[in-house]
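Asks: Quick one: the structure is below, questions incoming.
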Amino acid sequence: MTVSLVTGGSGYFGSLLVDRLRSQGHTVRIFDLVDTPDRDPDVAFFVGDIRRADDLRPALAGVNLVFNNVAQVPLARDPELLRSVNVDGTKILLDLCSQVGVDKIVHTSSSAIFGVPRENPVLPSTSPRPVEAYGRAKWEAEQLCAQAVDAGLDVTVIRPRTILGHGRLGIFGILFEWIADGADPFVLGKGDNVYQFVHAHDLADACLLAAQSSGPDIFNVGAESFGTMRSALENLCAYANTGARVRSLPAAPTVFAMRALAALRIAPFAPYHWTMFGRSMWFEIDHVRERLQWSPQWSNDQMFRDSYDWFVQHREDSARQSASQHRRSARQGVLRVAKGMTKLLPG
């Protein structure tokens with residue numbers, strides 16, 4: 001019998017992994033700071049902070065597989081918190097896994113470790129070059145994974161592109177609300193930057209296949225079918241059919257405004273948002289296909305529609321502040337005023 005622990009198992013992607021593992025016959029445990037009302041009673045819940053070894057140790061007793069999804073996300077806007085959770089917490093987890101003899105760890109990293117790529121596609125051989133606190137913390141955590149591998153631990157790192165899928169909200173919840181209400185979303189400049197996403201189900205497939213693969217590895221995971229940021233939003237507006245249409249904003253002044261609003265804490269922007277929203281980035285995924293026999297099923301357009309439909313159906317619950325940051329819509333702040341202004345602009 002395989003016993004799997006999912007750290008961050010109450011979050012958006014962690015909860016999906018829990019369901020998938022159970023469907024494969026795993027005995028599953030969750031380690032998280034908060035429980036969720038929809039957790040199946042057959043799934044054991046261990047409450048704790050990943051930065052405290054005494055909290056983690058009981059959850060790891062008898063565990064074969066660990067899926068590490070605990071992360072402090074960019075919206076936290078707290079560099080010290082980003083580092084202590086993503087770096088210090090990862091080190092404590094890896095040390096304990098080594099002590100208790102865990103067979104395999106699948107560590108979820110981030111494409112943020114690459115910052116703004118000098119060229120695309122990003123290859124497995126591309127050197128990380130993070131440019132903001134979240135990316136730097138995730139890269140430090142990866143380096144800890146590499147050290148653990150050198151010491152004999154079997155750790156595979158999964159680097160996802162920006163995740164979408166039903167139930168994925170966060171800052172996307174704001175986008176979906178605007179479009180649902182007929183407000184016009186914006187792109188920076190022409191919006192012709194090529195941007196790849198990944199559906200949570202495709203990402204889960206990659207994680208589960210990685211868990212079945214013996215020996216450490218690193219995989220960059222993203223969609224096969226994708227296009228520009230403008231095309232993604234235009235296609236979503238057409239699908240929603242609410243009258244919303246994509247407008248362009250000048251890149252440099254808009255980035256300046258995003259920085260200023262974030263500094264004043266009146267808009268839900270973080271450095272990664274203004275760094276990457278107008279930039280191109282996509283992964284080459286041939287190595288994942290070959291080594292894991294994995295193939296993504298969702299295109300950018302399909303996953304945007306899936307996420308949007310879920311938002312519309314669950315809109316009343318999307319502002320629950322008890323949920324993790326990716327399972328609830330971000331607070332709009334001053335963007336709510338901007339939303340109303342878009343309806344006054346000439347067509």
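Asks: Would you call Ser125 open to solvent by 20 Å² or more (accessible area, probe 1.4 Å) and either assigned to a strand (DSSP E or B) or touching a residue at least 12 places away in the same chain (Cβ under 8 Å) (or both)?
Replies: Numbers: open to solvent by 20 Å² or more (accessible area, probe 1.4 Å): yes; either assigned to a strand (DSSP E or B) or touching a residue at least 12 places away in the same chain (Cβ under 8 Å) (or both): no.
Here the answer is no, as Ser125 does not meet what is asked.
Asks: Condition test on Ala338, is it more than 25 Å from Leu82 (Cβ to Cβ), at pLDDT 95 or above and either part of a helix (DSSP H, G or I) or acidic (Asp, Glu) (or both)?
Replies: On the way: more than 25 Å from Leu82 (Cβ to Cβ): yes; at pLDDT 95 or above: no; either part of a helix (DSSP H, G or I) or acidic (Asp, Glu) (or both): yes.
No: the conditions fail for Ala338.
Asks: Which residue pairs have Cβ atoms closer than 7 Å, lie 6 or more positions apart in sequence or on different chains, and pair a first residue in the range 38-55 that is under 13 Å from Thr27 (Cβ atoms) with a second residue that is among the hydroxyl-bearing types (Ser, Thr, Tyr) and open to solvent by 100 Å² or more (accessible area, probe 1.4 Å)?
Replies: none
Asks: So, one more: Which members of the range 1-37 meet the condition of being closer than 19 Å to Ile92 by Cα, open to solvent by less than 60 Å² (accessible area, probe 1.4 Å) and in a loop (DSSP other than H, G, I, E, B)?
Replies: Within the range 1-37, Gly8, Gly9 qualify.
Asks: What are the residue pairs meeting all of these: first residue in the range 97-117, first residue in contact (Cβ under 8 Å) with a residue 60 or more places away in the chain, second residue open to solvent by 10 Å² or more (accessible area, probe 1.4 Å) and hydrophobic (A, V, I, L, M, F, W, C), Cβ atoms under 8 Å, and 6 or more apart or on different chains?
Replies: Lys104/Leu65; Lys104/Ala211; Val106/Leu65; Val106/Ala211; Thr108/Phe13; Thr108/Ala71; Gly115/Val131; Val116/Val131
Asks: For the range 65-74, does any single residue satisfy the condition of being surrounded by fewer than 17 Cβ atoms within 10 Å (Cβ to Cβ) and either touching a strand residue (DSSP E or B) at 6+ places or on another chain (Cβ under 6 Å) or in contact (Cβ under 8 Å) with a residue 40 or more places away in the chain (or both)?
Replies: Residues of the range 65-74 surrounded by fewer than 17 Cβ atoms within 10 Å (Cβ to Cβ): none.
No, the conditions are met nowhere in the range 65-74.
Asks: Which ones in the range 230-257 are assigned to a loop (DSSP other than H, G, I, E, B), open to solvent by 40 Å² or more (accessible area, probe 1.4 Å) and touching a strand residue (DSSP E or B) at 6+ places or on another chain (Cβ under 9 Å)?
Replies: Our first condition is that a residue be assigned to a loop (DSSP other than H, G, I, E, B); within the range 230-257, this holds for 241-246, 250.
Now drop any that are not open to solvent by 40 Å² or more (accessible area, probe 1.4 Å), which leaves 241-243, 245, 250.
Listed by number, the list holds a single entry, Pro250.
Asks: Would you say Ile113 is of a type in the set (A, V, I, L, M, F, W, C), touching an Asp or Glu at 6+ places or on another chain (Cβ under 8 Å), assigned to a helix (DSSP H, G or I) and open to solvent by less than 30 Å² (accessible area, probe 1.4 Å)?
Replies: Numbers: of a type in the set (A, V, I, L, M, F, W, C): yes; touching an Asp or Glu at 6+ places or on another chain (Cβ under 8 Å): yes; assigned to a helix (DSSP H, G or I): yes; open to solvent by less than 30 Å² (accessible area, probe 1.4 Å): yes.
Judged against the criteria, Ile113 is a match.
Asks: Would you please list the contacts, defined by Cβ atoms under 7 Å and residues six or more apart or on different chains, that run from a residue in the range 243-268 that is at pLDDT 90 or above to a residue that is part of a loop (DSSP other than H, G, I, E, B) and of a type in the set (Phe, Trp, Tyr)?
Replies: Met258/Phe269; Leu261/Phe269
The values are calculated or read from the model by the stated rules, or taken from the named source; none is laboratory data. Given the structure is predicted, the values throughout are model-derived calculations rather than measurements. Here Cβ is always computed from backbone atoms with ideal geometry, including for glycine, and neighbour counts include all displayed protein chains. Only protein heavy atoms, including side chains, enter the accessible area calculation; ligands, DNA and RNA are left aside. Shrake-Rupley method; radii C 1.70, N 1.55, O 1.52, S 1.80 Å.
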